Amino acid sequence: MRARYGIPLGITAAGAAGLLYAAGFEARSFRLRRVTVPVLPSGMRPLRVLQVSDIHMVGGQRKKQRWLRSLAGLRPDFVINTGDNLSDPEGVPEVLDALGPLMEFPGAYVFGSNDYYGPRLRNPARYLIEKAQGRHGLNGNPPAVGVVHNPWENIRDGFDAAGWLNLTNTRGTLKINDVSIELTGLDDPHIKRDRYDEVAGGPSPSADFSMGIVHAPYLRVLDAFTADGYPLILAGHTHGGQLCIPFYGALVTNCDLDTDRVKGLSTHTADGHTAYLHVSAGCGTNRYTPVRFACPPEATLLTLTSRD
């Protein structure tokens, strides 16, 4: 009996333990990463930017809400929210409450697909299939039908009332201690809402520093920002791969970005220009796949320093 059932039972027990860890511990093991990026013009004082992304708020996630509120203690110079705040149409009040202390600081935001549409139950293996077929989001896939529409307008109104800049296919400027920070943003490329032609032209000469903001780091967007001369691009969307293999890394990015750059700081080159790219692994998950493995939820404090 042992010889016949010992190995299958052992595999089942190991799988159950891994699932319990991924859902019960790591998915709620929130981390702050600190990154230094040498992108500012010579002589400019450092700037501290807090990036939050992919919150995917579901009602009752008290620990996540407390952690997000605690980030205000970092006292950043400004905050960038790179989208996907919701995974529950009823979660808007909890998103605004959790981000309330951070909205006391200057900030800006773009939206992701999950701000506009509610999640659907899907087989996680489809991400691997779509990767193999070169299909991601609505890029090559049929348009979504029968989806739940989230009350994204309420999030927009709450952010706008706090003074955060809406960067939906537009530019905005933050004044930080007499330093002019130009932010150029796009709507989510994952559902083909990006309109780069409306913001093309590169950094404004009147700005002290400029950077690009987008939810999903699709290559067409990274190429456009980089070719236009933006020295830094911030994005989210990938969840860092969410379910990763220890000592190997992510299997998918849920876009056409390579897995080597699925999270953290890297570079991107296009048309002879090179930009820094920071992709946040985010701090949430789709409500139907509330697990993370070898990829803890995070926010990032980026310290921008002089190039020299």
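One table, with the values for the structure above:
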quantity: Which listed residue is aliphatic (A, V, I, L, M), under 29 Å from Pro189 (Cβ atoms), assigned to a helix (DSSP H, G or I) and at pLDDT below 95, from Ala23, Ala27; calculated: Ala27
quantity: Odd one out for Asn154, checked against (1) of a type outside the set (A, V, I, L, M); (2) touching a helix residue (DSSP H, G or I) at 6+ places or on another chain (Cβ under 6 Å); (3) at pLDDT 95 or above; (4) open to solvent by less than 50 Å² (accessible area, probe 1.4 Å); calculated: (4)
quantity: Criterion (assigned to a loop (DSSP other than H, G, I, E, B) and not acidic (Asp, Glu)) met by exactly one of Gly73, Gly43; calculated: Gly43
quantity: Tabulated pairs, segment 88-105, first in contact (Cβ under 8 Å) with a residue 40 or more places away in the chain, second in a helix (DSSP H, G or I) and surrounded by 20 or more Cβ atoms within 10 Å (Cβ to Cβ), C-beta under 6 angstrom, 6+ apart or interchain; calculated: Val92/Ile155; Ala98/Leu68
quantity: Strands (runs of 3 or more DSSP E) (entirely within segment 164-221) containing at least 3 residues that are open to solvent by less than 10 Å² (accessible area, probe 1.4 Å); calculated: 179-185, 209-213
quantity: Hits in segment 277-299 (condition: under 10 Å from the mean Cα position of the chain (by Cα) and either hydroxyl-bearing (Ser, Thr, Tyr) or farther than 20 Å from His215 by Cβ (or both)); calculated: Ser280
quantity: The one condition in (1) more than 19 Å from Ser280 (Cα to Cα); (2) surrounded by 15 or more Cβ atoms within 10 Å (Cβ to Cβ); (3) touching a Phe, Trp or Tyr at 6+ places or on another chain (Cβ under 9 Å) that His149 fails to fulfil; calculated: (2)
quantity: Filter result for Leu232 (in contact with a Pro (Cβ under 8 Å, 6 or more places away or on another chain) and touching a residue at least 60 places away in the same chain (Cβ under 8 Å)); calculated: no
quantity: Residue ID - least open to solvent (accessible area, probe 1.4 Å), chosen from residues in segment 124-141 that are modelled with pLDDT of 65 or more and in a loop (DSSP other than H, G, I, E, B); calculated: Gly137
quantity: Enumeration of residues in segment 247-281 that are among the β-branched types (Val, Ile, Thr), touching a strand residue (DSSP E or B) at 6+ places or on another chain (Cβ under 7 Å) and open to solvent by less than 60 Å² (accessible area, probe 1.4 Å); calculated: Thr259, Val262, Val279
quantity: Only listed residue being among the charged types (D, E, K, R), within 16 Å of the chain's Cα centre (by Cα) and not in a strand (DSSP E or B), chosen from Asp88, Asp54; calculated: Asp54
quantity: Residue in segment 273-296 that is touching a Phe, Trp or Tyr at 6+ places or on another chain (Cβ under 8 Å), over 23 Å from Thr36 (Cα atoms), of a type in the set (A, V, I, L, M) and in contact (Cβ under 8 Å) with a residue 24 or more places away in the chain present; calculated: no
quantity: Search result, residues across segment 57-82 that are at pLDDT 95 or above and over 20 Å from the mean Cα position of the chain (by Cα); calculated: Arg62, Gly73, Arg75
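A quick yes/no check of all residues on (1) of a type in the set (Val, Ile, Thr); (2) touching a Lys or Arg at 6+ places or on another chain (Cβ under 7 Å):
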| site | (1), (2) |
| --- | --- |
| Ala235 | no, no |
| Thr238 | yes, yes |
| Cys244 | no, no |
| Asp271 | no, no |
| Thr289 | yes, no |
| Thr300 | yes, yes |
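The values are calculated or read from the model by the stated rules, or taken from the named source; none is laboratory data. Computed from a prediction, not measured in an experiment: that's the story for all the values here. Cβ: placed from backbone, ideal geometry, glycine included. Neighbour counts: every protein chain shown. Ligands, DNA and RNA are excluded from the accessible area calculation, which covers all protein heavy atoms including side chains. Shrake-Rupley method; radii C 1.70, N 1.55, O 1.52, S 1.80 Å.
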